[in-house]
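What follows is a short report on a single structure.
The values are calculated or read from the model by the stated rules, or taken from the named source; none is laboratory data. Here the structure is a predicted model, which means the values were calculated and not measured. Here Cβ is always computed from backbone atoms with ideal geometry, including for glycine, and neighbour counts include all displayed protein chains.
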């Protein structure tokens, strides 16, 4: 990365002039924090006493025996407080907010995990909090909306555009422009204008630091491959960061939706459907038409239907360091079902994309190989979507009963 926040040709800070001073303040605060050894120590202490760090590495013996291939390990970010890797980033940014002396935080959220994590951080540190969430995602992630509101956050449904994650990001930036003196935007993924990709990947790097030490302790060697789902890219960059300088193959798995040839997906890199452009303050690959207008996306996982991708990941892809694949909705649901039945683990639909790709490739590797899957979140937030996808009769009966009770 150079001083302007570019990773190769990707990144930068394409922001309105009115936000320049706010971004300069953020860059300065972040650089001072990184250069202060006490800051990382404080961060690790918060995460170890308030969350669940270090999160464990689980050997998936039943899945390993099922596929008769590589030994499968799972990094358990689902055991973080609030149920996902999102806590790593928001608690770190909360410490930055304290340093900057601000008293209000705003955030965008798709799957809702980042929103819950931000609301939790705000409650912990005593900040006022507003969460922007696309109206479509509000409906399909209602349990997370409930918890955000109980935590004291104002949840603002976004009714413009396609009413999903990219539209929530747009509304959050509009809020920030008018409230920048006392408000910090807790961007949830490694996208957006510099320094947000660096901030988010810095705090998420704790995943990779732990995973490297843990796999060496368990196996005495590094894994052959590591799999992580990719929406914006925060959990992938987090776990990949511990292995970038090694010969480990890194595989990012995007949302293949109903198939990358259908147009109903969110695969920017694996499908070559994305093209280079500038949007939401940074340069990267986006799903856009010839006129640069953002296209609609689709995924069974609310957190993966983002139109862009981290400029850091785009740079790694151009250099050939990270391989990108896409898993379809049906493959994801199959992988989720198998993981639940074989290991008693319930990955989030986002995380299940990584499992789906790993399951395709694991049989081709011998037992001498190790693969590592990042379970970035837990699936209880997805109960409505999963139950509907599986056409569970008991769940349908329950919903009908509750609907009759409430007169709907």
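Worth a mention:
- Taken over the stretch 355-378, the criterion of being part of a strand (DSSP E or B) and over 28 Å from residue 112 (Cβ atoms) is satisfied by 370, 371.
- When the residues of the stretch 33-53 are filtered to those that are without any contact (Cβ under 8 Å) to a residue 60 or more places away in the chain and under 28 Å from residue 314 (Cα atoms), the one that is nearest to the chain's Cα centre (by Cα) is 40.
- Filter result (in contact with a strand residue (DSSP E or B) (Cβ under 8 Å, 6 or more places away or on another chain) and outside any helix (DSSP H, G or I)) within the stretch 321-344: 321, 322, 323, 324, 325, 326, 327, 328
- Inter-residue pairs, beta-carbon under 7 Å, first surrounded by 12 or more Cβ atoms within 10 Å (Cβ to Cβ) and in the stretch 386-399, second not in a helix (DSSP H, G or I), 6+ apart: 389/300
- Strands (runs of 3 or more DSSP E) contained in the stretch 148-247 and holding at least 1 residues outside the structural domain of residue 73 (by TED's automatic domain parsing): 154-158, 183-185
- Filter result (closer than 19 Å to residue 83 by Cα and either without any contact (Cβ under 8 Å) to a residue 12 or more places away in the chain or not assigned by TED's automatic domain parsing to the domain that holds residue 73 (or both)) within the stretch 341-354: 344
- Applying the criterion of at least 1 residues that are assigned by TED's automatic domain parsing to the domain that holds residue 112 to the helices (runs of 4 or more DSSP H) found wholly in the stretch 1-92 leaves 20-34, 37-50.
- Filter result for residue 345 (under 20 Å from the mean Cα position of the chain (by Cα) and buried (at least 24 other Cβ atoms within 10 Å of the Cβ)): no
- Residue 259 without any contact (Cβ under 8 Å) to a residue 24 or more places away in the chain and either crowded, with 24+ Cβ neighbours inside 10 Å or at positive phi (or both): no
- Every residue from the stretch 63-106 that is surrounded by fewer than 18 Cβ atoms within 10 Å (Cβ to Cβ), under 18 Å from residue 127 (Cα atoms) and either under 15 Å from the mean Cα position of the chain (by Cα) or without any contact (Cβ under 8 Å) to a residue 60 or more places away in the chain (or both): 98, 101
- Every residue from the stretch 130-147 that is touching a residue at least 40 places away in the same chain (Cβ under 8 Å), in contact with a strand residue (DSSP E or B) (Cβ under 8 Å, 6 or more places away or on another chain) and in a helix (DSSP H, G or I): 137, 144
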